[in-house]
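S.K.: Here you go, one structure.
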Amino acid sequence: MIIDFHTHTFPKKVSAGVVQKLAAAALTRPFTDGSSDALAESMKKAGVDISVNLPVMTYAGQVEKVNSSLISQKEELRAQGIITFGGIHPDYENYRGELKRLKDAGIPGIKLHPAYQGVDFDDPRMMRIVDFASELGLIVITHAGIDIGLYEHNYCSVPQILRVLREVRPERLVLAHMGGWASWDAVERDLAGAPVWLDTAFSIGPVTPLPNADKPPYLSMNLTDEAFVRLAGKHGTDRVLFATDSPWEDQADYIGRMERMPLTDEEKQAIFAGNSAALLGLPCA
């Protein structure tokens, strides 16, 4: 069984345009058009059993509309093997009511993206969301570290994460990109072993640049295999979740990257599915 804990889809009518716009900003190649149908086809090709869809709310006014759409599509997406999360923007005032609505609708978690939302992770607006979501038992996953398309400022640095852990003490916090993309030394030194999960999205192996474009500034910033194994071991492989960041990585290729890692079969099984299944409350075949 393979669970991809970090993927993105967009409404079919606009998915291709959205993905191309984001690709141009990050100078990285997309591997699907960003639609749920394309993700389902990628999953079939790669042998992925379940993918988790993570919506990003870029402004407060879209929160209710996007969440309502995802709630209405929840069963249709699940039939494609896709479990969707919801999202919140830190400027959305009725965050408590919206988080409760997501919980009541059976949505298992929310995605935060400090960089695209323009708010530091330890801002009080973010921390109150993490706090109440945790009170409800929702999983919270946040982009962590530099964003390849918005690299001027680190909106979710290791010191910010540590402050949230001290002051909020969330019980089900997932840090995308192995705890802090392009901040590997700080993650390994100060964050490894903390009571959080790390996902592997867009963190191992080469970044694929957009054809015929300038190379992205952080083209060579992903973890080496050696560094990944060291970080995963220090943090605990029981708290590492397989994730690709599709459409920004090819699921089949990314599975191959993980399979080649010098880890035990038991560790790989836990990373590929066991850890995610336990967090999501799913059986692991």
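S.K.: Write out, first by first residue and then by second, each pair whose Cβ atoms fall under 8 Å of each other, whose residues are 6+ apart or on separate chains, and whose first residue, in segment 242-261, is more than 13 Å from THR200 (Cα to Cα) while the second is assigned to a helix (DSSP H, G or I) and among the β-branched types (Val, Ile, Thr).
M.R.: So the pair list comes out as PRO247/VAL19.
S.K.: Which numbered condition trips up TRP197, out of (1) in contact with a Leu (Cβ under 6 Å, 6 or more places away or on another chain); (2) closer than 21 Å to GLY47 by Cα; (3) of a type in the set (Phe, Trp, Tyr)?
M.R.: Among (1) in contact with a Leu (Cβ under 6 Å, 6 or more places away or on another chain); (2) closer than 21 Å to GLY47 by Cα; (3) of a type in the set (Phe, Trp, Tyr), the lone unmet condition for TRP197 is (2).
S.K.: Still on this structure, I have one more. Just name the residue that is farthest from LYS21 (Cα to Cα) out of those in segment 126-165 that are hydroxyl-bearing (Ser, Thr, Tyr) and touching a helix residue (DSSP H, G or I) at 6+ places or on another chain (Cβ under 8 Å).
M.R.: Per the stated criteria, the residue is SER157.
S.K.: Taking into account only those residues within segment 1-41 that are of a type in the set (D, E, K, R) and assigned to a helix (DSSP H, G or I), which is surrounded by the fewest Cβ atoms within 10 Å (Cβ to Cβ)?
M.R.: Taking segment 1-41 and keeping what is of a type in the set (D, E, K, R), we get 4, 12-13, 21, 29, 33, 37, 41.
From what is left, the residues that are assigned to a helix (DSSP H, G or I) are 21, 37, 41.
On the way: LYS21: 11, ASP37: 13, GLU41: 13.
In this case the residue turns out to be LYS21.
S.K.: Do the conditions hold for GLY145, that is, is it buried (at least 19 other Cβ atoms within 10 Å of the Cβ) and out of contact with any Pro (no Cβ under 7 Å at 6 or more places or on another chain)? If you could, list the steps in order and put the result at the bottom.
M.R.: On the way: buried (at least 19 other Cβ atoms within 10 Å of the Cβ): yes; out of contact with any Pro (no Cβ under 7 Å at 6 or more places or on another chain): yes.
It is true that GLY145 is buried (at least 19 other Cβ atoms within 10 Å of the Cβ) and out of contact with any Pro (no Cβ under 7 Å at 6 or more places or on another chain).
S.K.: Same structure again: Pairs, please: C-beta under 7 Å, at least 6 apart or cross-chain, first residue closer than 14 Å to GLY109 by Cβ and in segment 136-152, second part of a strand (DSSP E or B) and charged (D, E, K, R)?
M.R.: That search, which allows pairs on different chains as well, returns ILE141/LYS111.
S.K.: Modelled with pLDDT of 95 or more and either β-branched (Val, Ile, Thr) or in contact with a strand residue (DSSP E or B) (Cβ under 6 Å, 6 or more places away or on another chain) (or both): is that true of THR264 in this structure?
M.R.: Yes.
S.K.: Right, next: Go through (1) within 20 Å of GLU226 (Cα to Cα); (2) surrounded by 21 or more Cβ atoms within 10 Å (Cβ to Cβ) one by one and return the number of the condition TYR155 breaks.
M.R.: (1)
S.K.: Oh, and also: Of all residues being assigned to a loop (DSSP other than H, G, I, E, B) and among the β-branched types (Val, Ile, Thr) in segment 186-207, which is surrounded by the most Cβ atoms within 10 Å (Cβ to Cβ)? Just the residue, please.
M.R.: Going through the qualifying residues, I end up with THR200.
S.K.: May I ask you to say which residue of ARG78, ARG101 is of a type outside the set (A, V, I, L, M, F, W, C), in contact with a helix residue (DSSP H, G or I) (Cβ under 9 Å, 6 or more places away or on another chain) and at pLDDT 95 or above?
M.R.: ARG101 is the lone residue from the list that is of a type outside the set (A, V, I, L, M, F, W, C), in contact with a helix residue (DSSP H, G or I) (Cβ under 9 Å, 6 or more places away or on another chain) and at pLDDT 95 or above.
The values are calculated or read from the model by the stated rules, or taken from the named source; none is laboratory data. Remember, it's a predicted structure, so these values are computed and weren't measured experimentally. FYI the Cβ positions are ideal-geometry reconstructions off the backbone, even for glycines, and counts take in every protein chain you see.
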